[in-house]
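Step one of this worksheet: look at the structure below.
The values are calculated or read from the model by the stated rules, or taken from the named source; none is laboratory data. Keep in mind it's a predicted model, so treat the numbers as computed, not measured. As a convention, Cβ positions derive from the backbone with ideal geometry for all residues, glycine included, and neighbour counts pool all protein chains shown. Accessible surface is based on the protein model in full, side chains and every heavy atom, while ligands, DNA and RNA are left aside. Shrake-Rupley method; radii C 1.70, N 1.55, O 1.52, S 1.80 Å.
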Amino acid sequence: MNQLSDRINNLSTSATLAMAAKARELRAEGKDIIGLSLGEPDFDTPDFIKEAAIEAVNQNYNSYTPVDGYVDLKEAIITKFKRDNNLSYTLPQIVVSTGAKQALYNIASVMLNKGDEVILPCPYWVSYGDIVQLNDGVPVEVKTSIDNDFKMTAAQLEAAITPKTKMIWYSSPCNPSGSVYSKKELRALADVLQKHPNIYVVSDEIYEHINFKGGHFSMAEFEDMYERTVTVNGVSKAFAMTGWRIGYIGAPDWIARACNKIQGQITSGANCIAQRAVITALEAPASSVQYMVDEFKVRRKLILDLLGEIDGFKSNEPEGAFYVFPDVSAYFGKTIKGKTINNATDMSLFLLEEALVATVTGEAFGNPNCIRISYAASQENIKEAIKRIKTALS
């Protein structure tokens, strides 16, 4: 008898992790799978950060940490926010968590009541909707178009707002589309929100430094949005520290205190050694990891050029992160090698089984016409992967 809770029975499995697991199964069977599904830099964590971690071990950092993070780490985060984002926060406004995903869950837990609506511009990061639902909220998807670089307009936002709207969550640069909202575009959204003073914003900026257009803008930089915006960030992407699991928020102090309170009952403080290493990471200038961004930019051009040679793939040029999000709906209804492709999920499975390339269905991100392809892989693997895809679809 299944005695699990309705909550867990109704929860979706992360599509990105599920695809990675399926790819591992096929590798275990001896198949040569090229993984372009996970959102993880393929670089090593920089040596100067690893050395800081080793020093922390030698200094015997091994005790429980403060729930909201070491004070000197929070000070480093405050300095980073001021230096990179022109945002001024105080110590009580910063909460360090076990990854940005926990930070997002904390926010949903302390802000949402049953039936509260959260606007999610599509495509959105795969876990947003489930995090909202786990906290009794209602995800409200706002469809965007590849022709508009997958960005929500002010008119779309206005149309999506109801008396039940509590929050809007978005990422910029966006996972999965790589879209970057400009200051002008965010101002237009903020102007709409000025008419609705009880709606709060979660600005997920985890890909902040992987930005090819030059210039990152935070919603909280607007004076009239500062008290209504929670800025979420971390070190996973920019510093190739996904496994170190450190994320953080800058928020109005009453929201930060609530996040601190709930985290104290869930995980308490984040890993002590990782926190010490992150101080060093954040104190370093962004130029210290520019070599990764430069390489991602080269790979972006490479993969876009190669995808452009495949009939039926429609791609725009992402301005940040390390993904392309091509529309593959031209293949829907077609049968290739005895397999009918009816949707993006069918396409991702077809590419995994026939091309031995792991991607992720866009359905997991709220867009059923696209697939997400990560170019956080070597140029050689990108070339081989797209060659396989082209051959399988031909």
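General remarks:
- Above-threshold pairs, the threshold being 27 Å between Cα atoms, out of K74/K164; K80/K101; K183/K297; K143/K314: K74/K164
- Over the chain: helical MRE at 222 nm, DSSP H runs n ≥ 4 each giving -39500 (n - 2.57), nearest 500: -11500 deg cm²/dmol
- Dipole magnitude of the chain, debye to nearest 20 (Cβ charges: Lys/Arg +1, Asp/Glu -1, about Cα centre): 400 debye
- Selected from S12, S348, S177 as most flexible by GNM, with the chain as the system and alpha-carbon contacts under 10 Å: S12
- Per residue, in Å², the accessible surface of the chain once ligands and nucleic acids are set aside, probe 1.4 Å: 42 Å²
- Prolate/oblate/rounded label for the stretch 268-394 (Cα gyration tensor, a/c 1.5): prolate
- Among L4, P176, L307 the positive-end extreme of the charge dipole of the chain (Cβ point charges): L4
- Cα gyration tensor shape of the stretch 82-161, rounded if a/c is under 1.5, else prolate or oblate by comparing a/b with b/c: oblate
- Ordering L351, V110, I210 by the projection of their Cα atoms onto the charge dipole of the chain, which places +1 on the Cβ of Lys and Arg and -1 on the Cβ of Asp and Glu, puts L351 at the extreme positive end.
- In degrees, nearest ten, helix 290-307 long axis to first principal axis of the chain (Cα): 30 degrees
- Pairs from K184/K237; K31/K387; K151/K213 whose Cα-Cα separation, in the structure shown, is over 21 Å: K184/K237
- Portion, in percent, of the accessible area of the chain that falls on carbon or sulfur, probe 1.4 Å: 49 percent
- Residue among A100, A355, A159 with the largest mean-square fluctuation in a Gaussian network model of the chain, springs linking Cα atoms under 10 Å: A159
- GNM result for the chain, Cα springs below 10 Å: residue of C259, C174, C272 fluctuating most strongly: C272
- Gyration tensor (alpha-carbon) shape descriptor, the stretch 29-152, a/c threshold 1.5: oblate
- Of the trypsin sites (Lys or Arg not before Pro) in the stretch 215-279, those whose Cβ has at most 13 other Cβ within 10 Å and which sit in DSSP loop: none
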